[in-house]
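Peer 1: Before I ask anything, let me first share the structure, which is written out below as structure tokens.
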Amino acid sequence: METPVDFDSKLDEALARLHDEGRYRTFIDIERRNGQFPHAVWTRPDGSRQDITVWCGNDYLGMGQHPAVLDAMQEAIAATGAGSGGTRNISGTTVYHKRLEAELADLHGKQAALLFTSAYIANDATLSTLPKLFPGLIIYSDALNHASMIEGVRRNGGAKRVFRHNDVAHLRALLEADDPDAPKLIAFESIYSMDGDFGPIKEICDLADEFGALTYIDEVHAVGMYGPRGGGVAERDRLMHRLDIINGTLAKAYGVMGGYIAASAKMCDAIRSYAPGFIFTTSLAPAVAAGAAASVAFLKTAPELREQHQTQARILKLRLKGLGLPIIDHGSHIVPVMVGNPVHTKILSDKLLTEHGIYAQPINFPTVPRGTERLRFTPSPVHGPKELDALVKAMDALWSHCALNRAEAAG
């Protein structure tokens, strides 16, 4: 008789590994309060409550509490109720979904857009479906692409090539080595969220033109925040027309939830018709679609919010650099402080929360490579001077303390 597998012990071992490496992820129970973001309330493990300031959220512009968004969502709930009632194919397409897709197509200057429940699903579903539409497709993927893009490329069953991050020369070499007649697609991002650096959009588009390749860009950390109307870095650089498929999110700058692609009408129709991740998923709730459409429409006419956002990021980076902290600064709104050790990163995060009421989640492997663990701060227009002062003072005190502890441990 075979010895049965002790599944519980296997789970214990797997979780113990994360604890031992200092990268076990703890969920912080917070309650956002309408009209008060970035301030929130943290429920401690003992049940007590503490006022905190959120410094790691992706509601980059505070649109999750904007009256235009809330009013649209409340009106939609009053008119239609809660859920959509089905997939897009089976009773789940409403006037709110169509309105949102029209707003997104207009935002990116494309013929059409296609909604998904998240940008992760949009990436995964689209990239895993493309080889069905273009047999023999070779996908050239940046080495630091998001996990959703990696998963979509991995699952599609087609050929893939990974080029070194932002290395256009390496990408060219890979393109030259393949069959010139094979269909090709280059997948990359406009802003890489962990370091905050920009993808070489123009150079990649030039290579795509030269080798007859399609272009697929993830603008998740740029839509709403860059460009005259918030169309992303490609809009800012006047390159949207050169990109075949644009992926974006409604859960960050737009403050709601959901993801999408914007492309030609034929491309969206084909993905809609072939992608299981679209076909078999219940559509976004009508109220969510209504709120997102209102947010997209509002931010098309709110360049001052984008300017405030960039100003706050510049101020925070300047002040943290003034403390001598190891900041990565590529000129985007993302502010990573490099720690380089998962245990130290967690200690910093915990002390910021418990001693200073500042919430900044530690970023560890596999989100970033081992040895590059960090805190990632996301300033917004609603983080004012008081919040900035509190964060800078806390980081000054804690960084000095942790540096002393690290020196003692090394000695």
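Peer 1: How many of the residues in region 169-209 are open to solvent by 10 Å² or more (accessible area, probe 1.4 Å) and over 24 Å from the mean Cα position of the chain (by Cα)?
Peer 2: Residues meeting the conditions: 15.
Peer 1: Okay, next question. Please go through (1) at pLDDT below 95; (2) open to solvent by 10 Å² or more (accessible area, probe 1.4 Å); (3) within 23 Å of the chain's Cα centre (by Cα) for Gln308 and return the number of the only condition it doesn't satisfy.
Peer 2: (1)
Peer 1: Now for a different question. List pairs: first in region 377-400 and touching a residue at least 12 places away in the same chain (Cβ under 8 Å) and within 16 Å of Gln310 (Cβ to Cβ), second in a loop (DSSP other than H, G, I, E, B) and aromatic (Phe, Trp, Tyr), Cβ under 7 Å, 6+ apart or cross-chain?
Peer 2: Hits for this filter: Phe377/Trp55; Thr378/Trp55; Thr378/Tyr60; Ser380/Tyr60; Val382/Phe37.
Peer 1: Just one of (1) open to solvent by 20 Å² or more (accessible area, probe 1.4 Å); (2) part of a helix (DSSP H, G or I); (3) touching a residue at least 40 places away in the same chain (Cβ under 8 Å); (4) of a type outside the set (A, V, I, L, M) trips up Ser128, so point out which.
Peer 2: Result: Ser128 passes all but (1).
Peer 1: Same structure, new question: Mind telling me which of the residues Ala251, Ala263, Ala270 ends up being open to solvent by 20 Å² or more (accessible area, probe 1.4 Å), within 28 Å of Tyr226 (Cα to Cα) and among the small types (Gly, Ala, Ser)? Reasoning before the result, please.
Peer 2: Working: Ala263 fails: open to solvent by 20 Å² or more (accessible area, probe 1.4 Å); Ala270 fails: within 28 Å of Tyr226 (Cα to Cα).
So the residue among Ala251, Ala263, Ala270 that is open to solvent by 20 Å² or more (accessible area, probe 1.4 Å), within 28 Å of Tyr226 (Cα to Cα) and among the small types (Gly, Ala, Ser) is Ala251.
Peer 1: Quick one: which strands (runs of 3 or more DSSP E) lie wholly within region 1-80 and hold at least 2 residues that are of a type in the set (D, E, K, R)?
Peer 2: 30-32, 49-54
Peer 1: Looking at region 328-354, which of its residues are more than 21 Å from the chain's Cα centre (by Cα) and in a loop (DSSP other than H, G, I, E, B)?
Peer 2: Val339, Gly340, Asn341
Peer 1: Could you grab me the full set of residues in region 131-155 that are more than 22 Å from the chain's Cα centre (by Cα) and either more than 30 Å from Val296 (Cβ to Cβ) or in a loop (DSSP other than H, G, I, E, B) (or both)?
Peer 2: Just the residues of region 131-155 that are more than 22 Å from the chain's Cα centre (by Cα), to begin with: 131-138.
The answer is Pro131, Phe134, Pro135, Gly136, Leu137, Ile138.
Peer 1: Of these, Ala275, Ala222, Ala263, which one is out of contact with any strand residue (DSSP E or B) (no Cβ under 6 Å at 6 or more places or on another chain) and of a type in the set (A, V, I, L, M)?
Peer 2: That would be Ala275, the only listed residue that is out of contact with any strand residue (DSSP E or B) (no Cβ under 6 Å at 6 or more places or on another chain) and of a type in the set (A, V, I, L, M).
Peer 1: Of the conditions (1) crowded, with 20+ Cβ neighbours inside 10 Å; (2) farther than 22 Å from Pro336 by Cα; (3) out of contact with any helix residue (DSSP H, G or I) (no Cβ under 6 Å at 6 or more places or on another chain), Val233 fails just one. Which one is it?
Peer 2: Failed condition: (2).
Peer 1: Taking interchain pairs and intrachain pairs at least six residues apart, which have beta carbon atoms under 9 angstrom, with the first residue in region 152-168 and closer than 21 Å to Glu203 by Cβ and the second open to solvent by 40 Å² or more (accessible area, probe 1.4 Å) and among the aromatic types (Phe, Trp, Tyr)?
Peer 2: Between residues of region 152-168 that are closer than 21 Å to Glu203 by Cβ and residues that are open to solvent by 40 Å² or more (accessible area, probe 1.4 Å) and among the aromatic types (Phe, Trp, Tyr), the close pairs are Asn166/Phe198.
Peer 1: Something else: Among the residues that make up region 313-324, is at least one of them in contact with a His (Cβ under 6 Å, 6 or more places away or on another chain) and either surrounded by 20 or more Cβ atoms within 10 Å (Cβ to Cβ) or free of Cβ contacts under 8 Å to residues at least 60 places away in the same chain (or both)?
Peer 2: Taking region 313-324 as the starting set, the residues that turn out to be in contact with a His (Cβ under 6 Å, 6 or more places away or on another chain) are 313.
Cutting the leftovers down to either surrounded by 20 or more Cβ atoms within 10 Å (Cβ to Cβ) or free of Cβ contacts under 8 Å to residues at least 60 places away in the same chain (or both) gives us 313.
Within region 313-324 (the criterion being in contact with a His (Cβ under 6 Å, 6 or more places away or on another chain) and either surrounded by 20 or more Cβ atoms within 10 Å (Cβ to Cβ) or free of Cβ contacts under 8 Å to residues at least 60 places away in the same chain (or both)), the answer is yes, since at least one residue qualifies.
Peer 1: Please determine, by comparing only the residues of region 195-234 that are touching a residue at least 60 places away in the same chain (Cβ under 8 Å) and either polar (S, T, N, Q) or touching a Phe, Trp or Tyr at 6+ places or on another chain (Cβ under 7 Å) (or both), which one is farthest from Pro303 (Cα to Cα).
Peer 2: Gly232
The values are calculated or read from the model by the stated rules, or taken from the named source; none is laboratory data. These numbers were taken from a predicted model, which means no experiment stands behind them. Every residue, glycine among them, receives a Cβ derived from its backbone with ideal geometry; neighbour counts consider all protein chains shown. Side chains are part of the model used for accessible areas, which takes the heavy atoms of the whole protein and leaves out ligands, DNA and RNA. Shrake-Rupley method; radii C 1.70, N 1.55, O 1.52, S 1.80 Å.
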